[in-house]
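Here the structure comes first, spelled out in structure tokens, and everything after it is commentary.
The values are calculated or read from the model by the stated rules, or taken from the named source; none is laboratory data. Since this is a predicted model, take the numbers as computed values, not measurements. All Cβ positions, glycine included, derive from the backbone under ideal geometry; neighbour counts span all protein chains shown. Surface accessibility is based on the protein's heavy atoms, side chains included, excluding ligands, DNA and RNA. Shrake-Rupley method; radii C 1.70, N 1.55, O 1.52, S 1.80 Å.
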Amino acid sequence: MVGENKNLTKKNRNVFKNSRILSFLLFIADWIYKKIGVSIAAFIFTGYENCEKIYEKSFFYKIFQGYEPSAVKNSVKKIKRFIVVRCEKSVVINFIKNFADNILAANLFTIGMFFMSFGFYSSVMYLLKIFILNKPETKLIDLIGGVVLIVFSVLLCLNKKTSLYDALYGSIICNALFFKFLRFPEKREKSFEDLIEKNTNTSMKDINIVCFLIGMVLGILTYVIMSPIGAVLIVCAVIAGIVGLYTVLCYPEAGFFALLFAAPFLPAGNLVLTGAAPCILISICYFLKLIRGKRTFKFEIFDLFVLMFCIVLLFGGLVSVSKTGSIKPALVYLCFTLIYFTGVNIIRSKEMIQRAVIILVFSGFLIALYGIYQNYFGVSDTTWQDTDMFSNITSRVISTLGNPNVLGEYLIMIIPIAVSAVFIANQIKGRIAYIIYTLCGAVCLIFTWSRGSWLGFIGACLILFVIINRKAIVAYIAMIFLVPFVPIVMPTLAQRFTSIGNIGDSSTSYRLSIWQAVIKMIRHYFFEGIGVGTPAFQLVYPEYSLAGIEDAPHSHSLYLQTLTESGIVGFIVLLLVIFFFIQYCFTGIKKSEDKYISLSIAGGLCGIIGFLINGFTDYAWYNYRVYLIFWLIVAVTVAVCRFSLKNNSGANSMYKT
């Protein structure tokens, strides 16, 4: 029986192998692939190294990296020495270091005393409000929080000989998250080990009493200031912030990886504090490491055009029709763009590349999972859809990003990275995990019902699968014959997709009306632009708007918005950034002989291409978080390209078959 099954399988394989139709399709695929490989376009888009050689002979290279006269060199050395000495003697930096060391070296018993005191007295305050002061508005969660803290403190007090650092390092979950995943530096200094020895092996009676008293005072203050849970969260956030600040000072890479993970979760209300501040901090810490000779900095031709784009943003903030309204958005955009220069120099090994891919994909998986949850258990919201035309769509998911279109634009940058990870995973467990991540992302993308994002995703996948395997062209040809069956299998999806371009849809007609007005604006501000940000746009747009469409925050097109805000110069700079990014990526793919590296580049490249395709129908940079994530992914992808060109030579093995 087994022999018969083997013969049947072998026979089926021979049928497919000897199929004339399949052979013809494979011949067509190979012919197309070879024609593309020898075309002028291929020569242009894989010629980054030639452009880099020209750049290295230019005046700009001498300014940024290649030219350092003796007088300038001596001055730079003096400046570096001055900064290093000032930092080493800095009261703030030393306070942060000492505070972080003492917290990490603290005995768990000491920490337990604080939480026990706080939990006990906050619970007493709750009972006082209920039974003596008769305040019915008091929440039961306050009492539950206090009791939980008491139980938690008892567990901590049982570990008298363990420091907080040893507990974190010894925990499987915390060790994997902080030390292996985010690469927080291990503390092996003798002074720190002596501090742990002192805290765990000597009597800490006085410190325990102080911690107990602090907990008591904070617990009593919950009577008038805030809930116990809120107070604990603030205390823990302050402590974690100082420890995290010290960690980033010692190891900026940890901060970058943390930002890579946290970017889509950042609160939208105060991105200046939660987004721009971390970018500035990580960049400053990396700069301090750089001037001490502990890090390197490379500035290539692609970086030159990114810098030009930064200058355009700054100019658009300073010279604007809205004198004050454009400064803040321009500075935020500038901070988020400048993190590119730090990130591209931080990632310098294959291990870091693997970690960045895992972080991006896992973060995207959590976002997608939350979006799927919203679809089935969240509150229905039809704010972003035409209910008359699409009555069968009950809601559109937004996850943490506040808008279904923005969520879709985020997912089309992440899903191609997850798809490429499926093909480069070494173990079956990893491959299954990446498949699950990819499917969750794709399902969540469907539930956004964002047609522009769907178009971008399709474009990204068409390019990605051809890079992975040229035989994908055969699959594309075969899929053409399956298109008529899509409305039968997925009618709602087909109806939504085929409505693209239908001016009867309120969303489409709304965009067309805005584009007509924006084109009139561009004619008047063609060279200089109106300035960066929503305030400038909303100041000028009503003068050119059509009747009934007077209120619009942006132009709903990445390219029209750039042309409107920054003029023709800014638009050209953006096109050059896009061109050199695509050229760099294809050059890196072609040169790499490492499948992991080449497909990592392909995933990042196709994610950005999908985003740029979506940019024809929406202005995703209106959302600061998506703008930050865009440059983070660009930084990671370009860093992988640098690694590819630095460590490999010759044609990519994928192009040889």
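Using 0.36 nm per residue of separation minus the Cα-Cα distance, give me the extension gain between Leu482 and Ile83 in nm, one decimal. The partial results should precede the final answer.
Numbers: separation 399, 0.36 × 399 = 143.64 nm, distance 6.52 nm.
That works out to 137.1 nm of additional length.
Send over the semi-axes of the range 281-338's equivalent ellipsoid, whole angstrom and largest first, taken as the square roots of 5 times the C-alpha gyration tensor eigenvalues.
Numbers: eigenvalues 153, 41, 9 Å².
So the three semi-axes of the range 281-338 are 28, 14, 7 Å.
State whether the range 297-378 is rounded, prolate or oblate according to the following rule on the C-alpha gyration tensor (a ≥ b ≥ c being the square roots of its eigenvalues): a/c under 1.5 gives rounded; otherwise a/b larger than b/c gives prolate, and the remaining case gives oblate.
Details: a/c = 4.24, a/b = 1.28, b/c = 3.31.
Oblate, because a/c is 1.5 or more while a/b does not exceed b/c.
Could you tell me the ratio Rg/Rh of the range 522-656? Both radii from Cα atoms, Rh via Kirkwood.
Details: Rg = 18.5 Å, Rh = 16.6 Å.
Here Rg/Rh amounts to 1.11.
Of the listed pairs Lys471/Lys646; Lys53/Lys590; Lys429/Lys595; Lys350/Lys590, which have alpha-carbon separations greater than 28 Å here?
On the way: Lys471/Lys646 30 Å; Lys53/Lys590 18 Å; Lys429/Lys595 19 Å; Lys350/Lys590 18 Å.
Pairs exceeding the cut-off: Lys471/Lys646.
For the range 289-319, list residues with backbone N below 16 Å from a point placed 7 Å from the Cα of Val569 toward its Cβ?
From the range 289-319, the list is 305-319.
Just the C-alpha atoms of the range 545-608: what Rg/Rh do they give, with Rh taken as the Kirkwood radius? Don't jump to the answer; show the numbers that get you there.
Details: Rg = 17.6 Å, Rh = 14.3 Å.
Reported Rg/Rh, Kirkwood definition of Rh: 1.23.
Based on the Cβ-Cβ distance of Tyr376 and Val235, what FRET efficiency does E = 1/(1 + (r/R0)^6) give at R0 = 41 Å, to the nearest 0.05?
Working: r = 37 Å, r/R0 = 0.89.
Rounded to the nearest 0.05, the efficiency is 0.65.
Output needed: percent of Cα pairs per 5 Å distance bin for the range 432-476, bins running from 0 to the one holding the longest distance.
The calculated distribution, bin by bin, is 5, 19, 20, 24, 22, 8, 1.
What percent does the relative contact order of the range 532-636 come to when contacts are Cα pairs within less than 8 Å and at least six residues apart? Don't skip to the answer; put the middle values down first.
Working: 69 pairs, mean separation 31.2, N = 105.
Once normalised by length, the contact order is 30 percent.
What whole number of Å gives the distance from the Cα centroid of the range 338-353 to the Cα centroid of the range 237-277?
16
Between Ile435 and Asn647, what is the spin-label point distance in nm, taking each point 7 Å from the Cα along the Cα→C-beta axis?
Once both label points are built, they end up 2.8 nm from each other.
About the Cα centre of the range 228-323, how large is the charge dipole given +1 on each Lys and Arg Cβ and -1 on each Asp and Glu Cβ? Please answer in debye to the nearest 20. Could the numbers behind the result be given before it?
On the way: 6 positive and 3 negative charges, 49 e Å.
My answer is approximately 240 debye.
With the crude spin-label approximation of a point 7 Å out along Cα→Cβ, what separation in nm comes out for Val217 versus Ile458?
6.5
Probe of 1.4 angstrom, ligands and nucleic acids ignored: what's the accessible area per residue over the range 507-569, in square angstrom?
Details: 2660 Å² over 63 residues.
So the range 507-569 comes to 42 Å² accessible per residue, rounded to a whole number.
How far is the Cα center of the range 281-337 from the Cα center of the range 544-621, in Å?
The range 281-337 and the range 544-621 have Cα centres separated by 18 Å.
If I model a spin label as a point 7 Å beyond the Cα along the Cα-Cβ vector, how far apart are those points for Val224 and Asn50 in nm?
Placing both labels 7 Å along Cα→Cβ, they lie 7.6 nm apart.
Roll a 1.4 angstrom probe over the protein heavy atoms and tell me the percent of accessible area of the range 531-635 that is carbon or sulfur. Could the numbers behind the result be given before it?
On the way: 1880 of 2860 Å².
Carbon with sulfur: 66 percent of the solvent-accessible area.
So if each residue of separation counts as 0.36 nm, and I subtract the Cα-Cα distance between Asp194 and Ala268, what length gain in nm does that give?
Values: separation 74, 0.36 × 74 = 26.64 nm, distance 4.30 nm.
22.3 nm is the gain from fully extending Asp194 to Ala268.
Suppose R0 equals 51 Å. What FRET efficiency, 1/(1 + (r/R0)^6) with r the Cβ-Cβ distance, do Phe152 and Tyr544 give to the nearest 0.05? Write down the numbers at each step before the final one.
Numbers: r = 61 Å, r/R0 = 1.19.
So the FRET efficiency works out to roughly 0.25.
How much FRET efficiency would the formula 1/(1 + (r/R0)^6) give for Ile93 and Ser509, where r is the Cβ-Cβ distance and R0 is 35 Å, rounded to 0.05?
Numbers: r = 57 Å, r/R0 = 1.63.
Efficiency at R0 = 35 Å is approximately 0.05.
With every protein chain kept in place and ligands, DNA and RNA left out, what is the accessible area per residue of the range 225-347? Probe 1.4 Å, answer in Å². Walk me through the intermediate numbers first.
Details: 4840 Å² over 123 residues.
Ligands and nucleic acids excluded, the result is 39 Å² per residue.
Along each of the three principal axes of the Cα atoms of the range 535-578, give the extent in whole Å, ordering the values from largest to smallest.
That works out to 36, 15, 15 Å along the principal axes.
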